[in-house]
Amino acid sequence: MALAAGLSQAAPAQPRNHEILSATLWAQTAVEHDAACLQAYRQARDLLDRGLKDRKWTAALEQSGDIRKLPPAVIMDIDETVLDNSANEARAVLTGAEFTTAAWDEWVSESAAGALPGAVEFTQYARSRGVTVFFVTNREAKHEQATRRNMLRLGFPLEVAKGPASDTVLTRGERPDWNSEKAARRHYIAQSYRVLLLIGDDLGDFISNVRASVAERRRMAALHAERWGTRWIVLPNPMYGSWDSALYDHDFSLSRRARLERRIRMLNTARTRNQ
C-alpha cells in the first residue's frame, strides 16, 4: 500500500503536532540525512578494507583470544541502520498515535521498508570481499521471515559467505539468552568470526546496559572514544531510541504528557552541554 493512500483516510481533520514530527520529516526529506548515511557507509567501506589487511583488527568488545585465522564479518543493526522505517513513524504522526506493538507488527508484516542510502551497496561490497554480514536486530523472532522478505527485495545479501553460522539475521528471542541486550549475539558471532565493524543507530548496538542516565551514557561512550569512526559507525536516528528514553529515565509507565514534560526539562539554554 502506498504511504499516501494508507494515511489519507486516517489523517485528522486539523493539523496536529507530534513528538516526532520534525524528526520524521528530517529523515524523509533532508538531503543532510541522506548525505550522513552515504558518508557513514563510504567510511565503513574504507575501514572494512583496512580491517581485512590487519589480522588482529576487531570491533567487538566481546571478541577475545587469537582471532587471526577467523573469517571476517561485520555486524549491523537493521532498523534505521539499513532499513528506513520513517513511513511507519509518519503514520503515527498523522494519526496522533503513540508507538504500539500491534502497529509495529502490522508495519513489519508489510515488508515495505526502504533501504537507507548506501546500505545495500555497502553490504554487497562486503560480500564481494568475502565478508559475512550479520544483522543483529531487536525485531522479534516472529518478524524474521517478513524482515527477510523485505531485505531480499531490496538486494541485501543474507547468505553466508563462509564460516560455521547458517543464519545471518539474529533476532530478539530467537534463543533463550538473546534478549534486547545484543551482547550475547555479538559474542556468539565473535566466537567464529573476526568482527571488522559494528554499524548501528543506537548506543546498544555497540555496548551493553545503555538504559542509563544521559550523563552515564555519555561516560560509557567516552570510555570507547577511540572506536567511534574507526571500528564503530553510527547512523543518524532522531526519531526514537535509547537516547530518547534516557530523557525520562527509561520509565515507559509514564503518561505521554509526563514523558513530554521530562523531555522539556532536559532542554539546555546554556552554552555548555548537559552533564
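The numbers here are math on the coordinates, done by the rules we state, and not lab data. Please read all numbers here as calculations on a predicted model, not as lab measurements. Here Cβ is always computed from backbone atoms with ideal geometry, including for glycine, and neighbour counts include all displayed protein chains.
Net charge dipole, the chain: roughly 800 debye, given to the nearest 20, about the Cα centre with Cβ charges of +1 for Lys and Arg and -1 for Asp and Glu. The value of relative contact order for the chain, using C-alpha pairs under 8 Å at least six residues apart, is 25 percent. As a length-normalised measure over Cα pairs under 8 Å and 6 or more apart, the relative contact order of region 13-146 settles at 37 percent.
Once you reduce region 204-228 and region 78-97 to the center of their Cα atoms, the two points are 25 Å from each other. When each of the peptides 54-62, 75-83, 42-50 is scored by how many other beta carbons lie within 10 Å of its residues on average, the order from highest to lowest is 75-83, 54-62, 42-50. The relative contact order of region 142-266 comes to 18 percent, based on Cα pairs under 8 Å that sit 6 or more residues apart.
Computed over the chain, the convex hull of the alpha-carbon atoms projects to a mean area of 15.4 nm². Derived value for region 48-199: Kirkwood hydrodynamic radius 16.2 Å. Basis is the mean of 1/r over every pair of different alpha-carbon atoms.
I need the fraction of alpha carbon pairs in region 69-155 separated by more than 15 Å, rounded to a whole percent. Result for the distance tail: 62 percent. Hey, with R₀ at 45 Å, roughly what FRET efficiency would residue 187 and residue 22 work out to, going by the Cβ-Cβ distance, to 0.05? The calculated FRET efficiency here is 0.75. For the Cα trace of region 137-240, dividing Rg by the Kirkwood Rh returns an Rg/Rh value of 0.97. What distance in nm separates the two pseudo spin-label positions at residue 249 and residue 175, each 7 Å out from Cα along the beta-carbon direction? Going by the 7 Å Cα→Cβ label model, 3.6 nm.
Three principal axis extents describe the C-alpha atoms of region 202-242; from largest down they are 24, 21, 14 Å.
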